[in-house]
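Below is one structure; the comments refer to it alone.
The numbers here are math on the coordinates, done by the rules we state, and not lab data. Predicted model, so just to flag it, every value in this text is computed and none were measured. So basically every Cβ, Gly included, is an ideal-geometry build from the backbone, and we count neighbours across all protein chains shown.
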Amino acid sequence: MRPESPSRARASDDRGVAPVIGVVLLIGVTVALATVVAVGAGGLSPEPAHQPVAFDLTADGGEGTITIEHVAGDPIAVDDLSVTVAVNGDPLSDQPPVPFTGATGFNQTPSGPFNAASDSTWTAGERSTISVAGSNDPTVSSGDIVSVTLAVDGQQIAALETTAD
């Protein structure tokens, strides 16, 4: 066997160092990129989540009234709201044109945000009551199933149902 020359021995020693340096550089670049992404993502603030809207419906057959309470969630622009009422599955012949102060098929002006004179935003905790006139068909009587559908800009936001007291 022939002894190795010193220049050949050094070349084989250098070959083992190159992969180690490459791995160290690759790890360094990965950590730097991860830091940049983490800092960038931390600076983004997510949009505030919309709270689900919840309502409560009651009906008084003796008085012929329907009350809807905005229980929780985002405020509703009453000007963009449409309300559809049905009694025992039959829609009222005259629907409430919210907001209003006087309308065919309804006694008096509604209370709360359905009243045209009130604030045009319906917020959680507020309730509105409409009084169905005897001239509207059908009328609300005790034991009737009253259904109310609420929509904003044509998009349904709630379908409520209760039995009139």
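Read phi for every residue in region 144-149 and hand back ³J(HN,Hα) as whole Hz from Karplus 6.51 cos²θ - 1.76 cosθ + 1.60, θ = phi - 60°, with x for Gly and Pro.
For region 144-149, the Karplus-derived couplings read 6, 8, 9, 10, 10, 10 Hz, x marking Gly and Pro.
Just add up the charged neighbours of residue 88: K/R +1, D/E -1, any other residue whose Cβ is under 13 Å from the Cβ of residue 88.
Computed value for this residue: -4.
Collect residues whose amide H, placed 1.01 Å from N in the peptide plane, falls under 5 Å from the amide H of residue 71; neighbours closer than 5 in sequence don't count.
For residue 71, whose amide H was placed from the backbone, the distant partners under 5 Å are 54, 55, 56, 125.
What is the list of residues in region 125-165 whose amide nitrogen lies under 18 Å from a point 7 angstrom out from the Cα of residue 51, following Cα to Cβ?
So the set is 125-128, 157-158.
Within a Cβ distance under 13 Å of residue 124, other residues only, what is the Lys/Arg minus Asp/Glu net charge? Write down the numbers at each step before the final one.
Values: positive: 127; negative: 56, 69, 74, 126.
Local net charge: -3.
How much length, in nm to one decimal, is gained on full extension between residue 145 and residue 72, taken as 0.36 nm per residue of separation minus their Cα-Cα distance? Provide the component values of the computation, followed by the final result.
On the way: separation 73, 0.36 × 73 = 26.28 nm, distance 2.37 nm.
Extra length available between residue 145 and residue 72 comes to 23.9 nm.
Collect residues whose amide H, placed 1.01 Å from N in the peptide plane, falls under 5 Å from the amide H of residue 98; neighbours closer than 5 in sequence don't count.
83
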